[in-house]
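Read the structure below first, then the notes.
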Amino acid sequence: MGTASSSIRSMILLGLAAIVLIANGAQADPGSQMPPPKVGVLTLQTENVDVLASYPGRAVANREVEIRAQVSGILLSREYVEGDQVEAGQALFRIDPRIYEAKVNQAKADLHNANALLARAQRDWQRIASLYERNVASEKDRDDAKSALEVAKAGVEVANAQLETVSIDLDYTEVRAPIGGVVGLRQVSEGNLIRTGDLLTTITEVDPIQVQFTFSVSDPFAHSPALRAGPGSTAPATVELADGEILVGEINFHDVRIDPATDTIRARALFDNPDHRLSPNAFVRIRINVDHRDNAIVIPEPATASGPEPGSRIVWVVDDANQVAQRLVQLGPLTEKGVIVEEGLKAGERIVVRGIVKLREGMTVNIGSDDGAANETDGQS
C-alpha cells in the first residue's frame, strides 16, 4: 500500500511540474500576446450645421372620399379593379339607366310642348297688342294676352329645369371617381338594388400623403419658424422609410390651439408619395430643420456609448500615445452630420468611431484610419 501511494504522489507532482513549465513557456512566447485592437478615429473640428428635431408622426391620406350612390336602381357593373389607382372622372360603377332615360325623354317632350305654348302666346300677344293700339281690342284682352305670354315663358323655364334635373340623375347612373387615388373594395355586388346614399366604395389619395405629428409647448424648438410654418410660410421636412429611402416634403400647417389633455400642438407636413411607399396609418419619425449652429462639435451618434449613470453617454478619446480613455459628454440636438456635443469635447481631440466595443480603459490601440465617417462606426449603444 505504501509503495502505491508513493507512486500516485509522484505522478501528481510530475503533472503539476509539467503544467508550470507549459504556462511559463506560454508567457515567454511573444507571439501569444494579443496585438492592440485596430480602431477608426475621428479628429474633431468645428463646423456650421443645421439642427434637426425629430418627432413621431402618423401618415394620413391626403384625402379620403366615400363613393355613394346618388340615384336608386339596380347595380349593373363594376368598372374598376379593386385596389387599383384610378384617375379623377374614371367610371367606377354603372346603375341601370333605363328609367332615367325615360324620364329624360318625357322632360324633353314637356319642354317641346312648353315651347309650342310659348310660341302661340307670343303670336296672340302680338295680335292683341296690335288690335289694342287701333282701339279694336279691349284693355282686358290685352292684359289677358300679356299674362298668357308670361305664363308660357315660365312654363318653358320649368320644363328646362325639369329636363336638367332628370339629366343629372341620368348622369349619376354612371358613377365616376371625384378624385384620383387608390380605390377600395366594393361594398355592394352587381345585381343588387341600391338606394340613394348607399356606400359603394372609397377612394384614398396617397400621393401626396400627409404626416401629422405633435410637439410639446415646452419643446426647446416650439417657437422655431419651422414648427410654426403654415400657408404661405412652409418649412422643409423629411421622413426616412424602413429601407432607408428619404421622402422630402414640407410643413404646411400648425394648429393655433393647444391640446389641454397633452399640452401639445398639432402640425402637419405634406410629402410626395408617387410609388405609394408610405401608407396611411403608418408610424414614422419626421425630421425638421429647426435651427442653425455655428462652430459646433459634431460626432457620429453611434460613436457614443452608455455611460456609468442612467441616461449618460461616453466616448472613447485617444491621446498622443494612442491610449484610450472614457470621456463623459453632454449631447445636444441632431444634425444631418451627427449629434452636437454641448460639453466634454473640443476641436483637435481624437475619438474612436469604429471598434469601440472591444475597448478598455487605458488600452493602447492601433489607429486604422483617421477622420472616419459616420458610416464607419459600430452602431453600438
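Place the peptides 234-243, 304-313 in order of packing, highest mean first, counting for every residue the other Cβ atoms within 10 Å and averaging per peptide.
Most protected by this proxy first, the peptides run 234-243, 304-313.
Per 10 Å bin, what is the whole-percent P(r) computed from every C-alpha pair distance within segment 278-335?
Taking all Cα pairs of segment 278-335, the binned fractions are 17, 34, 30, 15, 4, 1 percent.
Give me the base-10 log of I(q)/I(0) for segment 64-193 at each q in 0.13, 0.19, 0.22 Å⁻¹, Debye formula, one uniform scatterer per Cα, rounded to two decimals.
Debye curve over Cα of segment 64-193, log10 I(q)/I(0) at q = 0.13, 0.19, 0.22 Å⁻¹: -0.67, -0.99, -1.13.
How big is the gap, in Å, between the Cα center of segment 265-292 and the Cα center of segment 112-190?
Centre-to-centre (Cα) distance: 54 Å.
Label points 7 Å out from Cα along the Cβ direction at Ile367 and Arg63: separation in nm?
Reported label-point gap for Ile367 and Arg63 is 6.1 nm.
Let me see the P(r) profile for segment 213-347: every Cα-Cα distance counted, bins of 5 Å, each bin given as a percent of all pairs.
Here the calculated profile for segment 213-347 is 2, 8, 15, 15, 16, 15, 12, 8, 5, 2, 1, 0.
Just the projected area, averaged over all directions, of the convex hull on the alpha carbon atoms of the chain: how many nm²?
Answer in nm², one decimal: 43.0.
Report, to two decimal places, the Cα Rg of segment 212-279 normalised by 2.2 N^0.38 Å (N = number of residues).
1.20
Connecting C-alpha atoms closer than 10 Å in a GNM of the chain, tell me which of Glu164, Glu150, Glu101 has the biggest fluctuation.
Glu150
If you wrap a convex hull around the C-alpha atoms of segment 126-256 and split its volume per residue, what is the figure in Å³?
Residue-normalised Cα hull volume stands at 301 Å³.
Divide by every residue of the chain the summed helix terms, -39500 (n - 2.57) for each DSSP H run of at least 4, and state the resulting mean residue ellipticity at 222 nm, rounded to the nearest 500 deg cm²/dmol.
Calculated mean residue ellipticity at 222 nm is -9500 deg cm²/dmol.
In a shell of Cβ-Cβ distance under 10 Å around Glu190, excluding Glu190 itself, what net charge do Lys and Arg (+1) and Asp and Glu (-1) give?
Computed value for this residue: +3.
Between Leu241 and Met34, how many nm apart are label points set 7 Å from Cα along the C-beta direction?
4.3 nm
Go through segment 126-143 residue by residue and turn each phi into a ³J(HN,Hα) via Karplus (6.51, -1.76, 1.60, θ = phi - 60°); whole Hz please, and just put x for glycine and proline.
4, 5, 5, 4, 5, 5, 5, 5, 9, 6, 8, 9, 7, 5, 5, 4, 5, 5
Every number here is computed from the coordinates shown, using simple stated rules; none is lab data. Quick caveat: nothing in here was measured; it's all calculated off a predicted structure. Note: ideal-geometry Cβ built from the backbone for every residue, glycine included; neighbour counts use all protein chains shown.
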